[in-house]
1. Is it fair to say L239 is of a type outside the set (V, I, T), part of a loop (DSSP other than H, G, I, E, B), at pLDDT 95 or above and in contact with a helix residue (DSSP H, G or I) (Cβ under 9 Å, 6 or more places away or on another chain)?
2. Would you pick out the residues in the range 27-62 that are more than 12 Å from the chain's Cα centre (by Cα), part of a helix (DSSP H, G or I) and either without any contact (Cβ under 8 Å) to a residue 60 or more places away in the chain or surrounded by fewer than 23 Cβ atoms within 10 Å (Cβ to Cβ) (or both)?
3. Would a scan of the range 172-186 turn up a residue that is of a type in the set (V, I, T) and free of Cβ contacts under 8 Å to residues at least 40 places away in the same chain?
4. In the set G195, G247, which member is modelled with pLDDT of 95 or more, over 18 Å from G317 (Cα atoms) and open to solvent by 10 Å² or more (accessible area, probe 1.4 Å)?
5. Restricting the first residue to the range 276-291 and requiring it to be without any contact (Cβ under 8 Å) to a residue 24 or more places away in the chain, which pairs with a second residue that is open to solvent by 100 Å² or more (accessible area, probe 1.4 Å) and not hydroxyl-bearing (S, T, Y) meet a Cβ separation below 9 Å and a spacing of at least six or different chains?
6. Could you please give the count of residues in the range 213-238 that are over 21 Å from I12 (Cβ atoms) and in contact with a strand residue (DSSP E or B) (Cβ under 6 Å, 6 or more places away or on another chain)?
7. Among A296, A276, A261, A286, which is within 30 Å of G149 (Cβ to Cβ) and either of a type in the set (D, E, K, R) or not in a strand (DSSP E or B) (or both)?
8. If a residue must be surrounded by 15 or more Cβ atoms within 10 Å (Cβ to Cβ) and either charged (D, E, K, R) or on the phi < 0 side of the Ramachandran plot (or both), how many such residues does the range 88-122 contain?
Amino acid sequence: MKEFLEFDVVVIGAGVCGIATALSLAETGAKVAVLEKGEICSGASSTNPGFCVLSYREDAYLMQLALDQQKQWVEFAARIGCELEYKQKGGLIILNNQEESAALEQLMEKCRSFGLKEIEMLNSKKTKLIEPYINEKAIVGSVYCQAEGMINPFKLNIAMADYAKKLGVEFFLCTQVNGFEKNKQEITLIKTNRGNFKSSLVVLAAGAWTSPIIELLQEKIPVFFDKGEAMVSMQVDKLVYHSITDGGLFIPSNEKMVIGACLGQTNSGNIVLAQATTKTNKYDTASTPTGMSKVAEKAVSLFPKLAEIDILRMWSGLIAYTQDRKPVFGFMNGINNLLIIAGFHSAIGISPKIGALVAEYYMTGKLQQGVLGYSPKRFDVLKKNDST
């Protein structure tokens, strides 16, 4: 009996990045396995509000990925055979005060330098014209990006997984990675609670669980996570016309819990409200009464009619980020066949592009120039400083 299952590529993590990667790899003809400790779309991807943001991409390369994907959602939906409910609603970053206005003016200019031209600052009166139920007296204005959209995150995740299965991808759910074997330069075996796996390339797309998996290799990487809380309403008549982001989230804060009113209304009429973000090092996804009540209070101050709606459910998820707030995409020193994907902000809006980047590497053996700055090797200097 064979002691392991062998594939061309093993992807660890069945969130939006892992599934998009498996799908793109399968389209090249690769034999792919996805290992997931829970169920498909059971981590951060199941807590995403579905915002396909442009206005707060971190650099020119990520902005270009987002702009390109924005033009391709209809084609991508047809390709995987599912209506993803993508709609270019436009996005507003609400400005609560002049401090936020000054900070967001700088962000707006940066976006323009990255190639996003459809972005402008509106005063409170003009904001009210395009978002009729907003409380004009509660804001000083907004940053408006007409090109931003929303997508159904559940449909995207599940449809990509279904399409990947049709292409031959094998999903191993409730499969916990608990160890590795490696030689000096490569992982030679992946150990799990459901047997062993072997592949020439391992893709780690485990989000908040990136660091503990890396530690199984006696390595470290500064990928951390916050807990983000959100909720969704019952279906209601049209109330929120754009995807709304709270400008207060762009002001640095030392508070343990940061509250912002971020909301959007789905095609079916449900209103998603987020978010309370808590600094944590615990894998705890329980919602807190404090977080959701503060989000509700802030949201109602902006949209008074929200006080009349009923909440369907609440949830929280763990949001991965890096020490320098840039994403990770690349290989660590000393492990040549472990490609790490982590810390992409609003990854759902560029997930097909992330998957395509992995597939391109698989076919060519080269990473695109644009992702080289995201290499985990940049953290080696930090490790050296820690050891001195």
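1. On the way: of a type outside the set (V, I, T): yes; part of a loop (DSSP other than H, G, I, E, B): yes; at pLDDT 95 or above: yes; in contact with a helix residue (DSSP H, G or I) (Cβ under 9 Å, 6 or more places away or on another chain): yes.
Against the criterion (of a type outside the set (V, I, T), part of a loop (DSSP other than H, G, I, E, B), at pLDDT 95 or above and in contact with a helix residue (DSSP H, G or I) (Cβ under 9 Å, 6 or more places away or on another chain)), L239 qualifies.
2. Listed by number, the residues that qualify are E27, A60, Y61.
3. Residues of the range 172-186 of a type in the set (V, I, T): 175, 177.
Retained after the next criterion (residues that are free of Cβ contacts under 8 Å to residues at least 40 places away in the same chain): none.
No, because not a single residue in the range 172-186 is of a type in the set (V, I, T) and free of Cβ contacts under 8 Å to residues at least 40 places away in the same chain.
4. Details: G247 fails: open to solvent by 10 Å² or more (accessible area, probe 1.4 Å).
Every option except G195 fails the conditions.
5. none
6. Result for the range 213-238: 9.
7. Details: A276 fails: either of a type in the set (D, E, K, R) or not in a strand (DSSP E or B) (or both); A261 fails: either of a type in the set (D, E, K, R) or not in a strand (DSSP E or B) (or both); A286 fails: within 30 Å of G149 (Cβ to Cβ).
Answer to the check: A296.
8. So in the range 88-122, the residues surrounded by 15 or more Cβ atoms within 10 Å (Cβ to Cβ) come out as 89-96, 100-101, 103-104, 107-108, 110-111, 114, 116, 118-119, 121-122.
This time we only want the ones that are either charged (D, E, K, R) or on the phi < 0 side of the Ramachandran plot (or both), so: 89, 91-96, 100-101, 103-104, 107-108, 110-111, 114, 116, 118-119, 121-122.
The number of residues fulfilling the criteria is 21.
The values are calculated or read from the model by the stated rules, or taken from the named source; none is laboratory data. What you see is a predicted model; the values in this text were computed from it and never measured. Neighbour counts run over all protein chains shown; Cβ positions are idealised from the backbone, glycine included. Side chains are part of the model used for accessible areas, which takes the heavy atoms of the whole protein and leaves out ligands, DNA and RNA. Shrake-Rupley method; radii C 1.70, N 1.55, O 1.52, S 1.80 Å.
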